[in-house]
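Colleague: This is the structure I have questions about; it appears just below.
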Amino acid sequence: MRLLAFGEQLLVDSFGCAGTCCGEKGTSVTRRLTVWLAGAAVLLTVLALVGCVVATTVTPVKAAAHPGFTAGTACDAAGCHNTYKHKKPYLGPCEECHALDRWKPAVYAHKNKSFDNGMHPLIGCAMCHTEGEPLPSKECSTCHESPHGGFKACANCHTTNAWGMRKSLPETHVSLLGGHKKLECFDCHKDAKATEKARTCTNCHGTNHGGLTNCQDCHDPSTGWNPKEGWNHDTFFKRVGAHAKLDCGDCHKNGRFANTPRVCVGCHGKQHGGLTDCGSCHSPSAAGGFKNTSFRHSSVFNLTGRHANLDCTQCHAKRQFARVLGGGSHACVSCHGAQHGGLTNCASCHTTSGFSNTTFVHARVFPLVGKHATLACDRCHLEDNPDNRTFFPKPGDHCVDCHGTKHGNQTQCQTCHSNANPSFIPALSYTAHHPIPIGGTHADTSKCTRCHPATGPDSGPVFNSAIPACDTCHASTVPHVGPTDCIRCHWPTSWAEAHFTHPAVMFGSNPVPEVPHNALISGTYPTDCVNCHPGTGTDPNFTAHSCSNGTCHQ
């Protein structure tokens, strides 16, 4: 049962809860102002009449002065006011509620100041407090039954002056301007019950524009459903260029604003074979729209030489820029394939100015001198087809790799030959490498086969075969008789160039001194050899010797 003082009851009956004194955040009470003023006038009239009656019928009582007492003496000390004590939980110093000049009325300052103002001071302590019983709850619903379906946070909306005098709206309350201005509290709070969660626009208006729920981002009750003041589309998506000319329905079909794409591909789809980062090349603010592009091919692949003259479709079929000839690799072979038998490092020889121009320097691999310098490329590098010479694998760097072994499997061609000469003949100074000095007709390279006979029509002189005896050629011109191993004494330059050193021939015995038979005594070859080796005419016979030749010994 509600325990109300007369004044409060009167206010409730006068104001009621039918009137809704709701205003915008922080504004004064304006709703049902007429009813409030009328109720206030009635209350003041009643209080004035009661005061007049009391003043004319009650004899004024003069408060008695308290007798003197020792400072610090408690009120309930022996011989004082110890005949009456409050029961728990209302124990404590008397002066917290009573004055020295009178016990009544008791005046107490509550910790919760809401119990010291409004109608609460008029109803008296006993209406809420009972000695010997626990302190009552500070919640309004302890005394006042809530009409809002069990919602007990009365102080959020009501004051202690009267139920109908409500507080300003909380900061989080929905605006009550515009279309909301004519609403009563219970138009939204059905059955006078407070909601568990804060209400939003969607509680009454539902979701709109395809599912949007944050209505306050664009609307305000003060302006209705029109965009609120200061609303700017750039907050969600900046409209520039061609976008600025579009109607809302062009992007928001059937008024659906929820989940509207904010990236190019959301509306325009993937382009150029699957590219999605449109902004890296295009800008909606460009004068020509998509036709104008800020893309610079050099940021991906530098177009120089003949590449600069190519049409886009030659590398990007059907302008599918997500797909590029060669799979996106920047290596030449990705588009042009391996060339010259499998070579892939095209840039080491060619530039983008054209394949006919080359920066290759043959000397870095193999110097082209002599007859090599006049050879066509295909003499060493065979052709797969007329437009593709095979440079890989490259020929060997040794003479025999191209020319094969010569002269009886000889491989060190450069010992005697030089490719600086137009022909291999004449060769280098091969006499410096010949086992024995040669000269005269022997030095004629066209006659090497006389001592080094060929083994076939193309073999040339075979140097590792047995050398025929000198008398094979010189049998008729040998200037002496025996022996036949001419090289032991002669060089193949001339017969006169002999290198034979005759051993000393010693004759005599003691006490006759030894007398050497040497060149100083016996003479030199060939004229003096006949002194000891007489033969026919001036030709000595080395197969015999004689001391009694009439010249030295008789």
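Colleague: Please give me the summed charge of the neighbours of A475: other residues whose Cβ is under 15 Å from its Cβ, Lys and Arg +1, Asp and Glu -1.
Modeller: So the surrounding residues net to -2.
Colleague: Rounded to the nearest 0.05, what FRET efficiency is calculated for A65 and R199 with R0 set to 45 Å and r the Cβ-Cβ distance?
Modeller: FRET efficiency, A65 to R199: 0.15.
Colleague: Going by Cα centres, the range 229-267 and the range 347-414 are how many Å apart?
Modeller: 68 Å
Colleague: Right, another one. Can you flag which of K182/K253; K87/K152; K181/K228; K197/K228; K88/K111 are past 28 Å Cα-Cα?
Modeller: Over 28 Å apart, Cα to Cα: K182/K253; K87/K152.
Colleague: Describe numerically, in nm with one decimal, the distance between label points set 7 Å from Cα along Cα→Cβ at H252 and at A308.
Modeller: Computed distance between label sites H252 and A308 equals 5.0 nm.
Colleague: For the pair L44 and N161, how long in nm is the line joining their label points, each one 7 Å along Cα→Cβ?
Modeller: According to this spin-label approximation, the distance is 1.2 nm.
Colleague: Also, I was wondering about something else. Hey, rough spin-label estimate for L91 and T501, points 7 angstrom out along Cα→Cβ, what's it come to in nanometres?
Modeller: Roughly 14.9 nm, to one decimal.
Colleague: What's the local net charge at A322, with K and R +1, D and E -1, over the other residues with C-beta under 14 Å away?
Modeller: +3
Colleague: Sticking with this structure for a sec: Can you grab the distance from the C-alpha centre of the range 287-341 to the C-alpha centre of the range 73-115, Å, no decimals?
Modeller: 99 Å
Colleague: Please list, by residue number, everything in the range 347-382 whose backbone N is under 18 Å from a paramagnetic label point 7 Å out along Cα→Cβ of F301.
Modeller: The answer is 347-348, 350-355, whose backbone nitrogens lie closer than 18 Å to the label point.
Just so you know, all these numbers are worked out from the coordinates, no wet-lab data involved. Quick caveat: nothing in here was measured; it's all calculated off a predicted structure. No Cβ is skipped: glycine too gets one built from the backbone with ideal geometry, and neighbour counts run over all protein chains shown.
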